[in-house]
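The values are calculated or read from the model by the stated rules, or taken from the named source; none is laboratory data. Keep in mind it's a predicted model, so treat the numbers as computed, not measured. No Cβ is skipped: glycine too gets one built from the backbone with ideal geometry, and neighbour counts run over all protein chains shown.
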Amino acid sequence: MERIEAIQKITEQLNDELIICNIGFPSRELYAVKDSPNNFYMLGSMGMASSIGLGLALAQKRRVVVLDGDGSLLMNLGSLVTIFNQKPNNLILVILDNGCYGSTGSQCSYASTVNLSRVAEAVGFKNLFLFWNEIDFSEILNINESIFVHVKVEKGNADVPVIDIEPEDIKSRFIEEVIGR
Ligand SMILES: Cc1ncc(C[n+]2csc(CCOP(=O)(O)OP(=O)(O)O)c2C)c(N)n1
Ligand SMILES: [Mg+2]
């Protein structure tokens, strides 16, 4: 499964969740598949999507889905420990794992030798899901605890355009979506 296909399958199954998306091609692919004010395209801070998602989940009640990457999670691995201990009941951390730094040339990450769901399990996560082909969120959306979803995807980026919304506008429309209701 290509990463864009995984993003398509996940967004098809979501309702009104807030999405924090990983830097680079994942955000471009999400933008191409389904743009929404519910989406926060994180443009600069590699590794911080899971931390931003945690803060957002703790700060309000709506469910937050983080679409993160293997390289980014490895860069900020402590985030897993913090999420586990903070126990937000409205956070789904999805790792789109292509075993590489896909957005910058597909250099191998250590996720090609380290199993990230086993890491999450060792940290203490109880709700763990691993998908290789089909992605099924029906059970996941009924769980009111922190959830770790590991999706194995192929290397490669879709041929999608850059996001033509200014960073300030991505931020302001997202904030309006979160607090404007
Ligand atoms: C601190 C920092 N280091 C490096 C980069 C460059 N960079 C942007 S995206 C990326 C790869 C991210 O890999 P991953 O999270 O696995 O996502 P993928 O593109 O593979 O889906 C890198 C190295 C950056 N933006 N910030
Ligand atoms: Mg990757």
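What the table below lists for this structure:
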item	result
Answer residue from the range 73-96, given it is in a helix (DSSP H, G or I) and within 11 Å of ligand 2 (Cβ to nearest atom) and is farthest from residue 141 (Cα to Cα) among those	75
Tally of residues being modelled with pLDDT of 95 or more and in a loop (DSSP other than H, G, I, E, B) across the range 136-181	22
The range 91-120, residues that are touching a strand residue (DSSP E or B) at 6+ places or on another chain (Cβ under 6 Å) and more than 14 Å from ligand 1 (Cβ to nearest atom)	91, 92, 117, 120
Yes/no for residue 125 being more than 16 Å from ligand 2 (Cβ to nearest atom), closer than 20 Å to residue 7 by Cα and either acidic (Asp, Glu) or surrounded by 16 or more Cβ atoms within 10 Å (Cβ to Cβ) (or both)	no
Answer residue from the range 136-169, given it is within 16 Å of ligand 1 (Cβ to nearest atom) and closer than 30 Å to residue 85 by Cβ and is surrounded by the fewest Cβ atoms within 10 Å (Cβ to Cβ) among those	152
Filter result (in a helix (DSSP H, G or I) and under 15 Å from the mean Cα position of the chain (by Cα)) within the range 97-116	102, 103, 116
Number of the condition not met by residue 119 [criteria: (1) within 16 Å of ligand 2 (Cβ to nearest atom); (2) closer than 19 Å to residue 44 by Cα; (3) β-branched (Val, Ile, Thr); (4) crowded, with 17+ Cβ neighbours inside 10 Å]	(2)
Some residue of the range 134-145 being under 16 Å from the mean Cα position of the chain (by Cα) and within 16 Å of ligand 2 (Cβ to nearest atom)	no
Flag if residue 6 is away from ligand 2 (no atom under 14 Å from the Cβ) and within 21 Å of residue 154 (Cα to Cα)	no
Residue, farthest from ligand 2 (Cβ to nearest atom), within the range 32-72, restricted to residues that are of a type in the set (Ser, Thr, Tyr) and under 16 Å from residue 148 (Cα atoms)	51
Condition check for residue 29: within 23 Å of residue 136 (Cα to Cα), within 11 Å of ligand 1 (Cβ to nearest atom) and at pLDDT 95 or above	yes
Contacts under 6 angstrom Cβ, first residue in the range 92-113 being hydroxyl-bearing (Ser, Thr, Tyr), partner part of a strand (DSSP E or B) and near ligand 2 (Cβ under 10 Å from one of its atoms), 6 or more apart	101/107; 106/100; 109/100; 109/101
Every pair of residues 6+ apart whose Cβ atoms lie under 7 Å, when the first sits in the range 67-91 and is over 19 Å from residue 113 (Cβ atoms) and aromatic (Phe, Trp, Tyr) while the second is modelled with pLDDT of 95 or more and more than 16 Å from ligand 2 (Cβ to nearest atom)	84/123; 84/124; 84/125; 84/146
Selected residue [on the phi > 0 side of the Ramachandran plot, at pLDDT 95 or above and surrounded by 15 or more Cβ atoms within 10 Å (Cβ to Cβ)] from 53, 99, 69	99
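Condition check ((1) under 23 Å from residue 18 (Cβ atoms); (2) under 14 Å from the mean Cα position of the chain (by Cα)) across all residues:
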{"site": "72", "(1), (2)": "yes, yes"}
{"site": "95", "(1), (2)": "yes, yes"}
{"site": "118", "(1), (2)": "no, no"}
{"site": "124", "(1), (2)": "no, no"}
{"site": "128", "(1), (2)": "yes, no"}
{"site": "148", "(1), (2)": "yes, yes"}
